[in-house]
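The structure appears right after this line, and notes come after that.
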Amino acid sequence: MSAPSTDSDATRYVSTVLTLYLGLPETPLRPSAQDRRCARELCDRSVPLSVIESAFLLASLRRLLRPPDVPPLSPIRSLAYFQPVIAELLSNPAPEHYLDYLRFKLHRIACGKNIGTGPTPADVQKTTFSDDR
């Protein structure tokens, strides 16, 4: 979606941003007034929805793929949490199909099929002295 030209376009843009945000893991069930303001500011700045969705997914994946031995993060309480990642992607645009990759990666995690979470080669490697070789 390009820069909204009418109030209905702006409303649709804000609604899309909030829907994407609320569909993420570890986000609130309902948007706050501050979340709505933040979405409207993104609209006013004409931030492309693809950049916003990429930032949402990238930040979520960064949180979900943290090492298991570090303390857990608290849930995301505001859409403003994603502002630094949005700024990062605006200054350093992602490759063309990166959004598709992020969607795929988050879907794999949501389905419990995260690549790299299975046994490592050392966990399944048989020794020379195994009876089942």
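The values are calculated or read from the model by the stated rules, or taken from the named source; none is laboratory data. Not measured: the values here are computed from a predicted model. When we count neighbours, we look across all protein chains shown, and the Cβ atoms used for this are built from the backbone with ideal geometry, even at glycine. The protein model used for the area step is the full one, side chains on, heavy atoms only, and it has no ligands, DNA or RNA in it. Shrake-Rupley method; radii C 1.70, N 1.55, O 1.52, S 1.80 Å.
Summing charges over neighbours of THR19, with a neighbour being any other residue whose Cβ is under 15 Å away from its Cβ, gives +3 when K and R count +1 and D and E count -1. Once the Cα-Cα distance is subtracted from the 0.36 nm per residue extended length, the ALA10 to ARG40 segment shows a gain of 10.0 nm.
Shown are LEU79, LEU106, whose ranking by accessible area with a 1.4 Å probe and every protein chain present, most to least, is LEU106, LEU79. In this structure, SER50 and VAL70 have a Cβ-Cβ separation that, at R0 = 22 Å, corresponds to a calculated FRET efficiency of about 0.15.
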